[in-house]
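Any read-out appearing in this document is the output of simple, stated calculations on the displayed coordinates, not a laboratory observation. Everything numeric in this text was worked out from a predicted model, so none of it was measured. Cβ: placed from backbone, ideal geometry, glycine included. Neighbour counts: every protein chain shown.
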């Protein structure tokens, strides 16, 4: 999947990122991170782990 991660600081001072594919719509938003390095680590985790993630259907 081609796309991009957008990294920013929110109003509360936490670092966050969005994952956007080429159509520009947000498909994932991160939790808040205390540092830029931690947010970059979160991005690397998504890159590494999401490709093999299982899909699990739940009932609500």
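Stretched out straight at 0.36 nm per residue, the stretch from residue 31 to residue 55 would grow longer than its current Cα-Cα span by 6.6 nm.
Rg/Rh for the chain to two decimals, with Rh computed the Kirkwood way over all alpha-carbon pairs.
Ratio value, two decimals: 1.02.
When each of the peptides 35-45, 50-60 is scored by how many other beta carbons lie within 10 Å of its residues on average, the order from highest to lowest is 35-45, 50-60.
With R₀ fixed at 22 Å, the C-beta to C-beta distance from residue 48 to residue 20 puts the FRET efficiency at about 0.75.
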